[in-house]
1. In region 178-208, how many are small (Gly, Ala, Ser), loosely packed, with under 15 Cβ neighbours inside 10 Å and at pLDDT 95 or above?
2. Here is a check on your reading of the model: is residue 112 modelled with pLDDT of 95 or more, in a helix (DSSP H, G or I), farther than 18 Å from residue 183 by Cα and among the hydrophobic types (A, V, I, L, M, F, W, C)?
3. If you go through region 106-130, how many residues are touching a residue at least 40 places away in the same chain (Cβ under 8 Å) and farther than 18 Å from residue 151 by Cβ?
4. When the residues of region 70-121 are filtered to those that are among the acidic types (Asp, Glu) and surrounded by 15 or more Cβ atoms within 10 Å (Cβ to Cβ), which remaining residue is farthest from residue 159 (Cα to Cα)?
5. For region 124-156, give me each residue that is among the charged types (D, E, K, R), loosely packed, with under 14 Cβ neighbours inside 10 Å and more than 19 Å from the chain's Cα centre (by Cα).
6. Considering only region 88-101, I want to know if a residue exists there that is over 30 Å from residue 14 (Cα atoms) and not in a helix (DSSP H, G or I).
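The values are calculated or read from the model by the stated rules, or taken from the named source; none is laboratory data. Here the structure is a predicted model, which is why all the values come from computation and not from measurement. A quick note on method: Cβ atoms are made from the backbone with ideal geometry, for glycine too, and the neighbour counts reach across all protein chains shown.
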Amino acid sequence: MTERRRNRPTRAELAAAHGTTVPDVLGPDLDVLFCGINPGLYSGWSGRHFARPGNRFWPALHAAGFTPRLLDPREQHLLPGLGLGITNLVDRATARADELTGAELREGGRALAAKLRVHRPRVLAVLGVTAYRQAFSRPHARIGPQDPGDAVAGVPVWVLPNPSGLNAHWDVRGIAAELRRMREAHGIPPAAAADDRSAEQSPSPPPSGRGSA
């Protein structure tokens, strides 16, 4: 990883990140596949999910017991070793999620269903109730577990709050409480110190190129 990616991006670099993509973080036998709405510009620039300072995903994930310590977005490659993965409904990076069209979200829902038929996680966790409603035509969906009949490709769905710092309705504590409720409902044990040692021994992936990152 270059020094440029360790520092904050310039305004020009953020503008250039419009439309870039961030690769999925996937692996076999996942307990949870987290699905964001789409990458923000900071994530598009860095090639890391939920990378913008102020995003509550990583702190809430740790507080809920999914990771043995607070992970940095640059450590996202450790997640599959903890039974976790990340994808997005829409691949392209934008400054705000409301820049996406309903058609994009619905197409993203279909693409996600195809992905689930291959990877088969125990539960799909969608991070954003409004996007979930649009992507899957569930106008009355609420935060929490969805009806069994609303499973996607046979995978049960749990809708979580959008962890973006722009979401003023939820703080880290509230998001972590929902994450913990999901973990416990699906019988997923809290991450242990042994998992941390195993993750620390995992090799880091090679740096990815700009644009496809």
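1. So the count comes out to 2.
2. yes
3. So the answer is 1.
4. 75
5. Across region 124-156, the qualifying residue is only 147.
6. Looking through region 88-101, none of the residues is over 30 Å from residue 14 (Cα atoms) and not in a helix (DSSP H, G or I).
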